[in-house]
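The values are calculated or read from the model by the stated rules, or taken from the named source; none is laboratory data. Everything numeric here is computed off the predicted structure, so don't read it as measured data. Cβ placement follows ideal geometry from the backbone for every residue including glycine, while neighbour counts extend to all protein chains displayed. Just so you know, the surface numbers come from the protein's heavy atoms only, side chains and all, with ligands and any DNA or RNA stripped out. Shrake-Rupley method; radii C 1.70, N 1.55, O 1.52, S 1.80 Å.
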Amino acid sequence: MEAPAPAIASLQPAYDDWAARDDLEEAPAKPHPHSAAPDDGKAREAPPARATQDAGGIVSIHMLRYIILSDVNGIKSSLQSLELQSVDFPHDAVQTEAKEEHNRKRHLNVVFIGHVDAGKSTAGGQILFLSGQVDDRTIQKYEKEAKDKSRESWYMAYIMDTNEEERAKGKTVEVGRAHFETKTTRFTILDAPGHKSYVPNMISGASQADIGVLVISARKGEFETGYERGGQTREHVLLAKTLGVSKLVVVINKMDEPTVGWSKERYDEIEGKMVPFLKSSGYNVKKDVHFLPISGLLGTNMKTRMDKSKCSWWSGPCLFEVLDCIQVPLRDPKGPVRMPIIDKYKDMGTVVMGKIESGTISEGDNMLVMPNKANVKIISVHCDEDRMRSAAPGENVRVKLSGIEEDDITAGFVLSSITNPVSAISEFHAQLQILELLDNAIFTAGYKAVLHIHSVVEECEIVELIEEIDLKRRKESDLKKKKSKRKPLFVKNGAVVVCRVQVNNLICIENFSEFPQLGRFTLRTEGKDIHPFLKSMLGSV
């Protein structure tokens, strides 16, 4: 007889257990060959215990029948009691699990961006330490390791920079990923690399983010290097805005440096230069941008507000408070499923990783993997380390699939609803703004670049320039009303143009107006961003 299903088990095993118990109860108990079957289904009253034992100590027939019938009644009684318990137990478990999922905190992805050596990994590591994700023993180990390499101030960065290459160079290469929680929100930290050689990796991290934390070094010379033309502070801000990071927290880091000393003048100088640039990049500074000073190495003004003895002029919130209060647009849990796949691996089946941009994914659902139109079934869903019955939009999940092999999936594929699948095309129209061209080159048909859209990286070619748009003279609402009869032959830096883009393979994209997360993209060539696209998708061909 099977024990009742545990609370964390799925419903199906519990139903199987109940069915098994029903079968067991319905099967009549076979009487002992030496005993008569009772007429009314009840055990007869046993005769007086006049039985005797012979020389061999054998119990008489009458006593044996009494013992057997009593045992049968005991078994039936136990089965009935167990049946009642088994019905109530899974029901309570289902209610408890449903309640836990309903009360689950909201989830946000936070990408840390900024110039190289601004202190992004250190700030991320400090957040994990302050939120209890890393213990003192691990910190002491990292301190010793950093000291042995004569890099005493790097030990907090070792929490996020996990491989030896990153620790040896002191530069983030891959997008680090970690989790922490506050009272109201679960956060996933995406630690993007700051070096210009790894901008494609930064794009991958920013495309998954809901909030951006722009880390700026207050140390003399470091802010200026990142802010001047060609610096990663500028490039990361433009990329973040283009990729849909609408909320930005600008933290002025390293305020504890001896050359800074929590100087209000230095803080005001940096804020005064950043505000006009953020406005020109498309941010509403009053609504969508928050400035605050911190020390990532010491953890000052991060989890709790700083002491007035350290900084008398700051009376604003700390970093955790700002992150908790940020509101982002809600996604539609009842919409068609859209989950761009960022990675895959094999673990007793095919497992894919990604962020759900729309819809809800549940165990047992039948889905499509696009663009190869492979029919798959959801075997299990994991958020962080927890197995969930379903996952809502905004969650980073690991999904185990049946019906497809790992080799048949690549990054950039999209897990999609069967009834309303994502578009898979190789040619489309796009509106783009050209921010920088190499060596003052011209932009014309035949221009080749690398396309980055959600988790897709694909070579593309500009097939045709359709229309150049003068945003100063024409409002956005008039773009479809009046079109120039003459198509431009070329455009230069700063131009906004509608063009036709062609890629070599099928890619999954959507109209920007319907699914902004799958309708934003950037183009890069020879290691430089030539034109991040604003309001990119106008329609597919």
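The figures follow:
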quantity: Whole-number percent relative contact order across the stretch 101-165, with pairs defined as alpha carbons under 8 Å at least 6 apart; calculated: 36
quantity: Average Cα contact separation per residue, the stretch 338-417, under 8 Å, 6 or more apart, as relative contact order %; calculated: 41
quantity: Amide H within-cut-off set for V213, under 5 Å, with H built and near neighbours excluded; calculated: V111, F112, I113, V249
quantity: Protein-only accessible surface order, largest first, of D117, D470 at 1.4 Å; calculated: D117, D470
quantity: Placed amide H near I469: partners under 5 Å, 5+ positions off or other chain; calculated: V496, V497, V498
quantity: The stretch 225-349, accessible surface, carbon-and-sulfur percent (1.4 angstrom probe); calculated: 53
quantity: Kirkwood estimate for the stretch 221-269, i.e. one over the average of 1/r between Cα atoms, Å; calculated: 12.3
quantity: Residue-by-residue Karplus 3J(HN,Hα) for the stretch 326-339, coefficients 6.51, -1.76, 1.60, Hz, glycine and proline x; calculated: 5, 9, 10, x, 6, 9, 8, x, 9, x, x, 6, 9, 9
quantity: Span from the the stretch 217-248 Cα centroid across to the the stretch 106-182 one, whole angstrom; calculated: 20
quantity: Rg to Rh, two decimals, where the stretch 355-430 supplies the alpha carbon set and Rh follows Kirkwood; calculated: 0.98
quantity: Percent accessible area from carbon and sulfur atoms, the stretch 350-389, protein chains only, probe 1.4 Å; calculated: 43
quantity: Hull-based mean projected area of the stretch 106-325, where the convex hull spans the alpha carbons, in square nanometres; calculated: 11.3
quantity: Alpha-carbon centroid distance for the pair the stretch 345-393 / the stretch 398-423, whole angstrom; calculated: 8
quantity: Shape call, the stretch 290-396: gyration tensor on alpha carbons, a/c limit 1.5; calculated: prolate
quantity: Solvent exposure, largest accessible area first (probe 1.4 Å, DNA, RNA and ligands not counted), of R234, R177; calculated: R177, R234
quantity: From phi via Karplus (6.51, -1.76, 1.60), per-residue ³J(HN,Hα) for the stretch 494-502 in Hz, x at Gly/Pro; calculated: x, 6, 10, 9, 9, 9, 9, 10, 10
quantity: 3J(HN,Hα) from dihedral phi, the stretch 276-290, Karplus parametrisation 6.51/-1.76/1.60, rounded to Hz, x for glycine, proline; calculated: x, 5, 5, 5, 5, 7, x, 8, 8, 5, 6, 9, 10, 10, 10
quantity: Heavy-atom accessible area per residue - the stretch 106-325, 1.4 Å, Å²; calculated: 42
quantity: Mean Cβ count within 10 Å, highest first, over the residues of peptides 201-207, 487-493, 460-466; calculated: 201-207, 460-466, 487-493
